[in-house]
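K.L.:
Have a look at this one before I ask anything.
Just so it is clear, none of the values below were taken in a lab; they were calculated from the coordinates. These numbers were taken from a predicted model, which means no experiment stands behind them. No Cβ is skipped: glycine too gets one built from the backbone with ideal geometry, and neighbour counts run over all protein chains shown.
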Amino acid sequence: MTWTDHRWIPSVEDVTATIERGAATAPVSSPKSAPPAKRPSSRKPGGFLASSNGKKAVMAVTGVVMVLFLVGHMLGNLKIFLGRDSFNEYAHALRTLLEPLAPYRTLLTIVEVVLAASVVLHLWAAISLARRARKARPVKYVTKKSQASGYTTHIMRFGGVTILLFLVWHLLDLTFGVVNPKGSGSAPADRMIAGFDASRWWVTLIYVVAVVMVGLHLRHGIWSAFQTLGWANRTRYRALKGAAALVSAVLVIGFLAPPLAITFGAVK
Amino acid sequence: MNLTLKVWRQSGPSDSGRMVTYRVEDVSPDMSFLEMLDVLNERLILEGDDPIAFDHDCREGICGMCGMVINGVAHGEQRATTTCQLHMRHFEDGAVITIEPWRAAPFPVVKDLVVDRSAFDRIIQAGGFVSVPAGSAPDAHSVPVRKEDADAAFDAATCIGCGACVAACPNGSASLFTAAKITHLSLLPQGQPERLSRAKAMVDQMDAEGFGGCTNTGECTAVCPKGIPLDTIAQLNSDYLKANAK
């Protein structure tokens, strides 16, 4: 810059520089004079659980809890291959774990409470996200074609409902024994073997359909939980999706082996 | 080429709208999709009919104005392509093509295929910026940025805000758009001071606008004309959870 008698004589470079600087330091009107555009919705941002991302996090965490339970449940079921006594001992051990430090059934009750809470919260998150999604698209497309690979993502809600209905049946059958031929007072292994008797092939069929549905649900659900919790990235996708497929496949095989073995007479 | 178009016609926001069938003849395979609509509109004007309203500006795939759901796919089935860059050679002679506007409650139809995407602007206003001290511009190299971060930030920054992600999402979620803006700024040193408050403000605004939640279907990234990757949404999730943990 050149100053002469307090007068600034600009050169070409100065003008250019002034314009650039002017753009960067242009006075910004205060927020009060220009209020930000009002949101069209009257809904105020609520807490974490009211946000879509908060609900997703609830969905992911409760999903992880249930998957961990399923792994333990599957391993326990496989004890039927070691004989009725081995299976009954395992069922008994679940109830007497931590005894005598804690009363009978302490750990099992804790697990049941955590699982029940997980199911309820998972369901709540799913319903409120589905309702939000329905509201977000009031007018449907005349033609809509999916472009993403993988059909499992599109059966999550349908699959979830199927699994929930199955869960009711499953508890009535093998936990409470209401719809089981051996009734509620019988030994766990007797209930299991009588329940999947070849004469009750349709029960086995229900289990096959439901367990496959669980597998499909988890194929998307497991990696999706990692994505939702922010642990996924482009280098981990392959590993996460691979792990999700592997865990789902192992769970399906592990859960279907006992009922199929019983129905086909391999376990008596 | 001779084509049959089934186009969504809606005279205004209060009209309920309907699909209307048009025949378009002598279409050159070298025409862009929008030029094909121009030809139809010229004819409609000559016949004294109302031309089909659609948004467009640069017609070179960088402004994000154009966008319509073509045969059930946002911007058409050609991957990584905006509607203006989609050419008629990708269609077969005699094809029936359905054309619909973006469908989402936060994107109300203004007319025919034109939707109001101001909701995106309000998400940006909520936090899609960095506050920098006024004064002369710093030297270009004064703040080092890792090459990997610069590349990933640039990938996210290529988002043109066209809204195809919302249109394709079965939940009507704006997560990919919001995630692109969040990731773009989160990966750079200049974006760090406001990183967590930005994620919270933008996600809350996204919710307030009435967009749906993300269920990781990947429909958005499949139709994105700029190929914004899905892991930007993991970045959004991570920043949002950290913001809430504080």
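K.L.:
What are the ³J(HN,Hα) values, in whole Hz, obtained from phi via the Karplus relation 6.51 cos²θ - 1.76 cosθ + 1.60 with θ = phi - 60°, for each residue of the range B:2-9 in sequence order, with x given for Gly and Pro?
P.N.:
Whole-Hz 3J(HN,Hα) from phi for the range B:2-9: 10, 10, 10, 10, 10, 10, 6, 10.
K.L.:
Which value results when the Cα radius of gyration for the range B:108-246 is divided by 2.2 N^0.38 Å? Mind showing how you got there, number by number?
P.N.:
Details: Rg = 15.4 Å, N = 139, 2.2 N^0.38 = 14.3 Å.
For the range B:108-246, the normalised Cα radius of gyration comes out at 1.07.
K.L.:
Using θ = phi - 60° and the Karplus form 6.51 cos²θ - 1.76 cosθ + 1.60, what ³J(HN,Hα) does each residue of the range B:192-202 get, whole Hz, x for Gly and Pro?
P.N.:
5, x, 9, 3, 6, 5, 5, 4, 5, 5, 6
K.L.:
So what does the Cα-only Debye profile of the range B:97-137 read at q = 0.28 Å⁻¹, as log10 I(q)/I(0), no solvent term?
P.N.:
Per q value, in the given order, log10 I(q)/I(0) is -0.95.
K.L.:
Right, something else. Over all Cα pairs of the range A:133-268, how is the pair count split among 10 Å bins, expressed in % and running from 0 up to the last occupied bin?
P.N.:
That works out to 11, 31, 28, 19, 10, 1, in percent per bin.
K.L.:
Once every DSSP H run of n ≥ 4 in chain B is given -39500 (n - 2.57) and the sum is divided by its residues, what mean residue ellipticity at 222 nm do you get, rounded to the nearest 500 deg cm²/dmol?
P.N.:
So the calculated ellipticity at 222 nm is -10500 deg cm²/dmol.
K.L.:
Per 10 Å bin, what percent of the C-alpha pairs of the range A:106-185 does each bin hold, from zero upward?
P.N.:
So the P(r) values, bin by bin, are 14, 30, 30, 16, 9, 1.
K.L.:
Read phi for every residue in the range A:72-78 and hand back ³J(HN,Hα) as whole Hz from Karplus 6.51 cos²θ - 1.76 cosθ + 1.60, θ = phi - 60°, with x for Gly and Pro.
P.N.:
x, 4, 5, 4, x, 4, 5
K.L.:
May I pose another question? Going by Cα centres, the range B:3-59 and the range A:158-191 are how many Å apart?
P.N.:
59
K.L.:
Just tell me how shielded B:223-236 is by partners: mean number of partner chain Cβ atoms within 10 Å of each residue's Cβ, no decimals.
P.N.:
Going residue by residue through B:223-236 and averaging, the value is 3.
K.L.:
Grab the other residues whose beta carbon is less than 14 angstrom from that of A:ALA187, score K and R as +1, D and E as -1, and report the net.
P.N.:
Charge balance near A:ALA187 sits at +2.
K.L.:
When Cβ neighbours within 10 Å are restricted to other protein chains, what is their mean count per residue of peptide B:168-174?
P.N.:
6
K.L.:
For chain B, compute Rh as the Kirkwood radius over C-alpha pairs and then the Stokes-Einstein diffusion coefficient at 37 °C and 0.692 mPa s; write the answer in µm²/s, rounded to an integer.
P.N.:
This corresponds to a translational diffusion coefficient of 170 µm²/s.
K.L.:
Sequence-distant or interchain residues sharing an amide H contact under 5 Å with B:VAL73, placed H: which?
P.N.:
For B:VAL73, the qualifying residues are A:LYS145.
K.L.:
Taking only Cα atoms and a 10 Å spring cutoff, compute GNM fluctuations for chain B and point out the largest among B:ALA104, B:ALA199, B:ALA234.
P.N.:
Among B:ALA104, B:ALA199, B:ALA234, the largest mean-square fluctuation in the Gaussian network model of chain B belongs to B:ALA234.
K.L.:
Okay, next question. How do B:LYS200, B:LYS6 line up, fewest other C-beta atoms within 10 Å first? Intermediate values should be presented prior to the final figure.
P.N.:
Details: B:LYS200 22, B:LYS6 16.
Going from least to most buried by this count: B:LYS6, B:LYS200.
K.L.:
Then there's this: Over the C-alpha atoms of the range A:179-248, what are the Rg and the largest Cα-to-Cα span, Dmax, in Å?
P.N.:
That works out to 18.3, 53 Å for Rg and Dmax.
K.L.:
Would you mind computing, in nm to one decimal, how far apart the modelled labels at A:PHE158 and B:LYS246 are, each placed 7 Å from Cα along Cα→Cβ?
P.N.:
Label at A:PHE158, label at B:LYS246, 4.3 nm between them.
K.L.:
What's the exposure ranking of B:CYS165, B:CYS58, going from fewest to most Cβ atoms within 10 Å?
P.N.:
Numbers: B:CYS165 30, B:CYS58 13.
Neighbour counts put them in this order, fewest first: B:CYS58, B:CYS165.
K.L.:
With axes computed from alpha carbons, what is the tilt in degrees of helix B:175-186 against the longest principal axis of chain B, rounded to the nearest 10 within 0 to 90?
P.N.:
40
K.L.:
Now, a different point. Taking the beta-carbon count within 10 Å as an exposure proxy, list A:TRP169, A:TRP201 from fewest neighbours to most.
P.N.:
Least crowded to most crowded, the residues run A:TRP201, A:TRP169.
K.L.:
Separate question: What is the P(r) of the range B:3-100, as percent of Cα-Cα pairs per 10 Å bin from 0?
P.N.:
Percent of pairs per bin, in order: 16, 50, 31, 3.
K.L.:
Once the dipole of the protein assembly as shown is set up with Lys and Arg at +1 and Asp and Glu at -1 on Cβ about the Cα centre, which of A:VAL178, B:GLY64, B:ILE160 lies farthest towards its positive end?
P.N.:
Going by the charge dipole, the pick is A:VAL178.
K.L.:
Is there a simple number for the mean count of other chain Cβ atoms within 10 Å of the Cβ of residues in A:222-233, and what is it? Walk me through the numbers on the way to the answer.
P.N.:
Values: counts 0, 1, 4, 1, 3, 10, 9, 4, 11, 3, 8, 8.
Mean inter-chain Cβ contacts per residue within 10 Å come to 5.
K.L.:
Considering only DSSP states other than H, G, I, E and B, which GluC sites (Glu not before Pro) in the range B:53-148 qualify as loop sites with at most 14 other Cβ atoms within 10 Å?
P.N.:
Details: sites: B:GLU60, B:GLU77, B:GLU92, B:GLU148; in loops: B:GLU60, B:GLU77, B:GLU92.
Those satisfying the criteria are B:GLU60, B:GLU92.
K.L.:
Would you mind checking which residues have amide H under 5 Å from B:VAL110's amide H? H placed 1.01 Å from N; only 5 or more apart, or other chain.
P.N.:
Those qualifying (amide H under 5 Å, at least 5 residues apart or on another chain) are B:VAL115, B:ASP116.
K.L.:
May I pose another question? Give the Kirkwood hydrodynamic radius (Å, one decimal) of the protein assembly as shown, defined as one over the mean of 1/r across all pairs of different Cα atoms.
P.N.:
26.8
K.L.:
Can you tell me the order of B:212-220, A:116-124 when each peptide is scored by its average per-residue count of other Cβ atoms within 10 angstrom, highest first?
P.N.:
Values: B:212-220: 26.4, A:116-124: 15.1.
Descending packing order for the listed peptides: B:212-220, A:116-124.
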